[in-house]
Structures are given as structure tokens and as C-alpha cells.
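Take a look at the structure below.
The values are calculated or read from the model by the stated rules, or taken from the named source; none is laboratory data. Only a predicted model underlies this, so the values are computations on that prediction, with no experimental measurement involved. Cβ coordinates were reconstructed from backbone atoms using ideal geometry, including for glycine residues, and neighbour counts include every protein chain displayed.
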């Protein structure tokens, strides 16, 4: 194994501000594993870091080796590691939990009070090798395509969101056709939603992906969603609305589309506060609103494994592949919005 590796760093607190560096290969501690990264994918969080937006400015302290979505092979293990072996084909849960706080002990490790996020609060995986705590390692099925292995983190967001509601046999509206939204459409189709409606305000490319993964009707741009959804549901409205945009207008639209007694699940992150008519849109409609963050550890991962075994097809969502050395070209494709998931190969 080499002594040094190529890695992508956010080096300067400015838009872009990213460069390749040759740095020492990390040495695993007693409770860590060292992974040779085979493929990694670019997350929306990575785009925020690259763009140096308001969230990144508050959260990120350059220099930072970023990235957190990957598939790879274990090449070295720490002295205390018993559950993982050299040669294992793995990915990782990016929420690094303490295991001892109230939330962790209540089996809610994804909202650990001392949470750190891989590639945000700690060194990440945009590199030839990555050091990961063994508690965060997930063993992949040997026959899982490496592209699928690399996108389980965002796919898990979609799985967590979808399974927070009663989907089989129900009418579902998906707000936002970014990668996680279209993952959700594919999952809803796989588990037997009655009808899937999806909205996408900005990127026709992504709206088209939603159609390919099983959405029955996709509304692009500024169109009359309400009348079509009401007509298709015999005037009742959607049983479930899944929100992935972080847009106040989308939430208010979704609450209007939701039937009385329906469920709205929110994964989108909002940049500012907003108002809604809670009395008419929520209270009198007897609506359930569920917030979602991350993945249930490890329930969501086992559900993903089961969905893959059942034949979940996410190929249409993985739209672009690059060599790792082409990171900047890959980032520009992801930033354009004219993509689904973008995967980088190390070999």
C-alpha cells in the first residue's frame, strides 16, 4: 500500500476554494477500519461546501477533506475490530454517533446529541483511502453494483422518508425531483403506491428521471397541480405528500393537495422561516406532519438491502460517471442541475 494518497480538500473559505492534495494515508485507530475507496458520489451537501453558501460558511472549517458517499474495500483494521475483516466490501453510515447520549440509548442514533458527520465535521472520503469508525461500517452484499454501494447514503434518506408514511395502495405526491426525490419515486413504485405524482419547478432533466423510475404524472414548471391531482383522486386529495425541496411554497402547495387525515413527510432543508395557515391546513384537516433527518441506524440500511433484493432499479438516477481525477468536471455537472447522481470511479 502507498504511503500517500490523492484527496480533494476544501482549502479556502470561498466559492470553489477546492484543490487536490497529496497527503499521508490515514492510520486506523484501534476502533477504526481503513478503506480503499472504489467509487464515491457527490452529494448536495458537497455542492453546498463547494459553492460556499450560507450554510457552509457557518458549518465548515477549511481545510477539509470532504465527501461521504462511497463503496470500497477494507484494507486494514484496528486492534479492537472484530466485526469487519480485511477484504470486506463496505459502505458507511455518515452520521457518527456517540452511542451513550439519551437519543442513542433510545435507539435514535441518527439524532445523537454529539453527532458528527463524515466529510463535514470529520475528514471525508473524496480520497483514495478513508479511515472510518467500525461502528459506522455497513457490509454490502458481494453482488451489489459499486454504483449502488456509493449512493446508499442519499438513497437511505429516501427510504427513511418513504417508510415514515403508509404508502402501499395510497396516492402519493412527491415535491421535488432532485436525486432523493426521484429515489423516493422509485421506492414508492416498487412498494405499490396507487398513484405517484411528482413536481419539479426548475430542472426538466430531473423531471424526466422521475417519469423513468415510475411516477405516473410529473408536473414541471408553473402548472396547475391542484386540479389534476384532485381529478385523479376523485376529489379526495393525496394520502401522502413527501417534501424534498425546502421550499415554503412547496410545503403550502403540498398541504393543499393533502386529503383530510393525510400525512406530510418533510426531508427538505429550509433556509428561512415561513408561515402557513395551521388552523385550516393542519389542525382542522387532522394532518400528520413528520420531520426526517438522516437514516434510522440500522433499520433503514436493512430496508435498502431488502429493496435491492426485491429488484429496486435506481439505474435511471445514476446519470453520470467520471474518473476521480475528473472531480471538477463532475462537480460542475452536479451543480448544473442537469443530472441525477454523479459517481466517481477510483480505478
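For segment 38-52, indicate whether the set of residues that are at pLDDT 95 or above, under 23 Å from the mean Cα position of the chain (by Cα), surrounded by fewer than 23 Cβ atoms within 10 Å (Cβ to Cβ) and in a loop (DSSP other than H, G, I, E, B) is non-empty. Checked against the condition, which is being at pLDDT 95 or above, under 23 Å from the mean Cα position of the chain (by Cα), surrounded by fewer than 23 Cβ atoms within 10 Å (Cβ to Cβ) and in a loop (DSSP other than H, G, I, E, B), segment 38-52 yields at least one hit.
Restricting the search to segment 202-226, which residues are in a loop (DSSP other than H, G, I, E, B) and under 11 Å from residue 185 (Cα atoms)? Once the filter is applied, which keeps residues that are in a loop (DSSP other than H, G, I, E, B) and under 11 Å from residue 185 (Cα atoms), segment 202-226 yields 213, 214, 215, 216. Taken together, 204, 217 contain a single residue that is touching a strand residue (DSSP E or B) at 6+ places or on another chain (Cβ under 9 Å), closer than 22 Å to residue 342 by Cα and surrounded by fewer than 18 Cβ atoms within 10 Å (Cβ to Cβ), which is 204.
Evaluated against (1) within 13 Å of residue 175 (Cβ to Cβ); (2) assigned to a strand (DSSP E or B); (3) free of Cβ contacts under 8 Å to residues at least 40 places away in the same chain, residue 289 falls short on exactly one condition, (1). I'd like to know if segment 239-255 contains one or more residues that are at pLDDT 95 or above, farther than 23 Å from residue 191 by Cβ and assigned by TED's automatic domain parsing to the domain that holds residue 146. No, that holds for no residue. Scanning segment 17-32 finds no residues that are in the same structural domain as residue 94 (by TED's automatic domain parsing), surrounded by fewer than 16 Cβ atoms within 10 Å (Cβ to Cβ) and on the phi > 0 side of the Ramachandran plot. Determine whether residue 262 is touching a residue at least 24 places away in the same chain (Cβ under 8 Å), touching a strand residue (DSSP E or B) at 6+ places or on another chain (Cβ under 9 Å) and not in a helix (DSSP H, G or I). Spelling it out, residue 262 is indeed touching a residue at least 24 places away in the same chain (Cβ under 8 Å), touching a strand residue (DSSP E or B) at 6+ places or on another chain (Cβ under 9 Å) and not in a helix (DSSP H, G or I).
The single condition among (1) crowded, with 16+ Cβ neighbours inside 10 Å; (2) touching a helix residue (DSSP H, G or I) at 6+ places or on another chain (Cβ under 8 Å); (3) assigned to a loop (DSSP other than H, G, I, E, B) that residue 270 does not meet is (1).
Listed here are the residues, each with its yes/no results for (1) farther than 17 Å from residue 41 by Cβ; (2) out of contact with any helix residue (DSSP H, G or I) (no Cβ under 6 Å at 6 or more places or on another chain).
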residue: 289; (1), (2): yes, yes
residue: 297; (1), (2): yes, no
residue: 308; (1), (2): no, yes
residue: 320; (1), (2): no, no
residue: 330; (1), (2): no, yes
residue: 340; (1), (2): no, no
residue: 344; (1), (2): no, no
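Given the structure, is residue 282 part of a strand (DSSP E or B) and in the same structural domain as residue 180 (by TED's automatic domain parsing)? First the steps, then the outcome.
Numbers: part of a strand (DSSP E or B): no; in the same structural domain as residue 180 (by TED's automatic domain parsing): yes.
Considered against the rule, which asks whether it is part of a strand (DSSP E or B) and in the same structural domain as residue 180 (by TED's automatic domain parsing), residue 282 comes out as no.
For segment 161-177, enumerate the residues that are buried (at least 22 other Cβ atoms within 10 Å of the Cβ) and outside any strand (DSSP E or B). Answer for segment 161-177, where residues must be buried (at least 22 other Cβ atoms within 10 Å of the Cβ) and outside any strand (DSSP E or B): 161, 162, 167, 176, 177.
So which residues in segment 317-334 are assigned to a helix (DSSP H, G or I) and more than 16 Å from the chain's Cα centre (by Cα), if there are any at all? Result: 324, 325, 326, 327, 328, 329, 330, 331, 332, 333. Considering the conditions (1) out of contact with any helix residue (DSSP H, G or I) (no Cβ under 7 Å at 6 or more places or on another chain); (2) over 24 Å from residue 185 (Cβ atoms), residue 111 is excluded by exactly one of them, (1).
Tell me, which strands (runs of 3 or more DSSP E) lie completely within segment 66-142 with 3 or more residues that are within 16 Å of the chain's Cα centre (by Cα) and surrounded by 14 or more Cβ atoms within 10 Å (Cβ to Cβ)?
Numbers: elements: 69-77, 89-92, 129-133, 137-139.
Filter on segment 66-142 gives 69-77.
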